[in-house]
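Laboratory data are not the source of any read-out in this text; all were calculated from the coordinates shown. Remember, predicted model here, so these are calculated numbers, not experimental data. Quick reminder, even Gly has a Cβ in these numbers, built from the backbone with ideal geometry, and neighbours come from all protein chains shown.
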Amino acid sequence: MLEEYSWFWWIVIGLIAGAIAKLIMPGKDPGGCFVTILLGIAGALLAGFLGKAVGWYDEGEGAGFIAAIVGALIILGIYRMVLKKR
């Protein structure tokens with residue numbers, strides 16, 4: 001039953017992680033709330049992938065909340081660099 005709602009929790013954690021990343025790295029970014037959610041979700045996925053690669057997380061285990069925020073900061077930084085070059 002918990003797996004049925006996992007997508008919902010990814011969105012909730014992504015929203016919160018993205019919002020915190022935006023507070024840590026304020027600036028004018030296009031996209032608003034939707035992009036913030038996507039950046040947070042991508043950050044959580046990035047943190048989980050990197051954590052598994054270095055052995056911090058086991059298979060099937062997601063990234064922690066702080067790791068999701070760090071991942072969202074990384075994604076936000078990359079996002080800004082790509083937009084700046086345009």
**Request:** Report the label-to-label distance for Val35 and Val82 in nanometres (one decimal), using points 7 Å from each Cα along the Cα→Cβ vector.
**Result:** 1.1 nm
**Complete:** From the cross-link list Lys52/Lys84; Lys52/Lys85; Lys28/Lys52; Lys22/Lys85, the entries with a Cα-Cα span beyond 23 Å are Lys52/Lys84; Lys52/Lys85; Lys28/Lys52
**Message:** At 1.306 mPa s and 10 °C, plugging the Kirkwood radius over alpha-carbon pairs of the stretch 15-85 into Stokes-Einstein gives what diffusion coefficient in µm²/s?
**Reply:** 132 µm²/s
